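Read-outs: derived from the displayed coordinates by stated rules, not from any lab. None of these values were measured; they are calculated from a predicted model. Using ideal geometry, Cβ is built from the backbone for each residue, glycine included, and neighbour counts are taken over all protein chains shown.
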Amino acid sequence: MAARILEKTVTMEIPIHSNVEAGLLPDDDRLEQDLQQVMMSGPNLETSIVSSGYGGSGDGPTGSGHQPSSGPSDKVAQGVSLEKCLKSSRNGASTHKCTKQLLSERCGRGSPTVDMDLELQIELLCETKPKNESVLHLSWPPIAHLYSLLQAQHVLGDFFADLSQKFLELQEEFGYNAEMVKLWYKNGETL
């Protein structure tokens, strides 16, 4: 029995309300109004919600009334908590509506939400992605070759510096060559 009810609820079409007639509130708005009414009356232990649920004949929250607060700090704290609750209520309602739309789209019951400009950009990116990946794949061999060339230049610069120390008559030429090769190495690292 429970499986049959669950099956019905899964395959049931989820209505999406775009225009609401005056006097008829969807369950989301009724929930938000009831939450606001509870928040306005303030948190107290005597507040209870009618068990008939949303969409029933209940008037919403009932209680013995608002209890007076003990001081101004309670009123400030109550105002801050009221703001937070109302903000989370609005966020919860919009999240609920988005989730309902998404489920409706996934079940094939509702029309999908489409942004044409965004769809064109996504399509363009999907077309250019393989091209960019192939360029990246082709760039790896030259990068590896450049890296090995830079390592050779670094070793060659050290070798010229050693030779300039050993041969005093060619010290100026070997020193110049060592500086040039080390400069190439630094420029290659930047590249």
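Things to note:
- Count of segment 165-181 residues which are over 15 Å from L146 (Cα atoms) and touching a helix residue (DSSP H, G or I) at 6+ places or on another chain (Cβ under 6 Å): 5
- Residues of segment 87-111 that turn out to be outside any helix (DSSP H, G or I) and surrounded by fewer than 12 Cβ atoms within 10 Å (Cβ to Cβ), as a count: 2
- Matching residues, segment 107-156, being in contact (Cβ under 8 Å) with a residue 24 or more places away in the chain and under 30 Å from K182 (Cβ atoms): L146, L149, L150, Q153, H154, L156
- Cβ pairs under 8 Å, 6+ apart, first in segment 157-172 and within 17 Å of Y185 (Cβ to Cβ), second among the polar types (S, T, N, Q) and surrounded by 11 or more Cβ atoms within 10 Å (Cβ to Cβ): F160/N177; S164/Q171
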